[in-house]
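Inspection log for the structure reproduced underneath, given as structure tokens.
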Amino acid sequence: QVQLVESGGGLVQAGGSLRLSCAASGSTSNIGTMAWYRQAPGKQRELVASILRGGTTRYADSAKGRFIISRDYAKNTMYLQMDSLKAEDTAVYYCNAVHFISSQTYWGQGTQVTVSS
């Protein structure tokens with residue numbers, strides 16, 4: 001099994017930056033793709049960015065040019081660097097990981113990001 005724990009959320013002014021972290025533990029060698037999702041009040045959960053086992057990254061249009069996803073295999077940690085934050089970025093951000101053989105999906109508990117105008 002894999003456990004995921006997010007951290008780094010908080011309150012920030014519009015235009016500011018935050019760096020989210022997702023620490024993975026357990027059977028971390030079986031993780032393939034990892035991703036960040038977010039869910040704002042009254043809205044569906046949406047994909048923000050993903051990073052494949054080989055290092056390929058993909059971003060939602062709303063995140064391109066502002067967010068950077070990265071992964072440190074030695075530390076079993078994924079990051080989301082968030083710059084030029086906007087009020088519409090306010091949401092609970094969730095870490096996601098997929099087993100590269102079984103396709104089992106793992107989720108963290110989420111971390112709140114609030115951007116004030």
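The values are calculated or read from the model by the stated rules, or taken from the named source; none is laboratory data. Because the structure is predicted, anything quoted here is derived from the model rather than measured. Every residue, glycine among them, receives a Cβ derived from its backbone with ideal geometry; neighbour counts consider all protein chains shown. Side chains included, ligands, DNA and RNA excluded: accessible areas come from the protein's heavy atoms. Shrake-Rupley method; radii C 1.70, N 1.55, O 1.52, S 1.80 Å.
Descriptive notes on the structure:
- Of the residues making up the stretch 94-117, just one is closer than 20 Å to Ala14 by Cα and touching a Cys at 6+ places or on another chain (Cβ under 9 Å), namely Thr111.
- Of Asp61, Asp83, all but one fail to be in contact with a strand residue (DSSP E or B) (Cβ under 9 Å, 6 or more places away or on another chain) and among the acidic types (Asp, Glu); the exception is Asp83.
- For Leu20, the conditions (1) exposed (fewer than 15 other Cβ atoms within 10 Å of the Cβ); (2) touching a Gly at 6+ places or on another chain (Cβ under 6 Å); (3) part of a strand (DSSP E or B) all hold with the exception of (1).
- Residues satisfying the stated conditions in the stretch 35-53, i.e. closer than 16 Å to Thr111 by Cα and either assigned to a strand (DSSP E or B) or open to solvent by less than 60 Å² (accessible area, probe 1.4 Å) (or both): Ala35, Trp36, Tyr37, Arg38, Gln39, Ala40, Glu46, Leu47, Val48, Ala49
- The single residue among Tyr93, Tyr79 that is crowded, with 16+ Cβ neighbours inside 10 Å and in contact with a Phe, Trp or Tyr (Cβ under 7 Å, 6 or more places away or on another chain) turns out to be Tyr93.
- Restricting the stretch 107-117 to residues that are over 18 Å from Ile69 (Cα atoms) and not small (Gly, Ala, Ser), the residue that is least open to solvent (accessible area, probe 1.4 Å): Val115
- Residues that are more than 20 Å from Ala87 (Cβ to Cβ), open to solvent by 50 Å² or more (accessible area, probe 1.4 Å) and of a type in the set (Gly, Ala, Ser), drawn from the stretch 54-71: Gly54
- Considered as a group, the residues in the stretch 96-106 that are among the hydrophobic types (A, V, I, L, M, F, W, C) and within 15 Å of the chain's Cα centre (by Cα) include one that is most open to solvent (accessible area, probe 1.4 Å), and that residue is Val98.
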